[in-house]
1. Taking the condition of being touching a Leu at 6+ places or on another chain (Cβ under 7 Å) and closer than 17 Å to residue 40 by Cβ, how many residues in region 77-113 meet it?
2. Could we say that residue 16 is surrounded by 16 or more Cβ atoms within 10 Å (Cβ to Cβ) and part of a loop (DSSP other than H, G, I, E, B) here?
3. Given region 58-111, what strands (runs of 3 or more DSSP E) lie entirely inside it while holding 3 or more residues that are exposed (fewer than 14 other Cβ atoms within 10 Å of the Cβ)?
4. Hey, can you tell me all the residues within region 25-54 that are among the charged types (D, E, K, R) and either part of a helix (DSSP H, G or I) or buried (at least 17 other Cβ atoms within 10 Å of the Cβ) (or both)?
Amino acid sequence: MSRITVPQVDDPVPFAKVMAKVAFAYAVAELRLHAFQDIFVRDTIRGLANDVGTWVGTVEERAPKEPGKLHRLTLRYDPTSRVLAVRVHLLADSDLPAYLVVLGRLFRPPPAA
């Protein structure tokens, strides 16, 4: 009988880049690209910078399960610095961690802030 094996990769960088892309796409869909004065993750997403750990991290508090929701993304805005981040919780009805992606500086507060 033959076995199927899957190699385990211990490199979190590709996954973190995907989180940055997902978060940025969400923010642009919600606010539009012209809302950004400065995009911190642009070069990271384009593969021109090796600084994804600066912008993407795990949220410390455990995300509550949200039955019936596949994924949950929420905008986080700091009015003092005008910096926008997105909290990404994949498979929101499970115990998986959430991630915070710091995206960039906005010209003005988002409408919901």
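1. Number of matching residues: 11.
2. Details: surrounded by 16 or more Cβ atoms within 10 Å (Cβ to Cβ): yes; part of a loop (DSSP other than H, G, I, E, B): no.
Answer is no for this residue.
3. On the way: elements: 72-78, 83-89, 99-106.
Qualifying strands (runs of 3 or more DSSP E): none found.
4. Selection gives 30, 42, 43.
For every residue, the table says whether it meets (1) in contact (Cβ under 8 Å) with a residue 24 or more places away in the chain; (2) touching a helix residue (DSSP H, G or I) at 6+ places or on another chain (Cβ under 6 Å).
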position	(1), (2)
20	yes, yes
32	no, no
35	yes, no
45	yes, yes
48	no, no
60	no, no
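Since every read-out is calculated from the coordinates, none of them should be taken as a lab result. Just so it is clear, the structure is predicted and the values come from calculations on it, not from any experiment. Because the Cβ atoms are built from the backbone with ideal geometry, glycine has one as well, and the counts that use them run over all protein chains shown.
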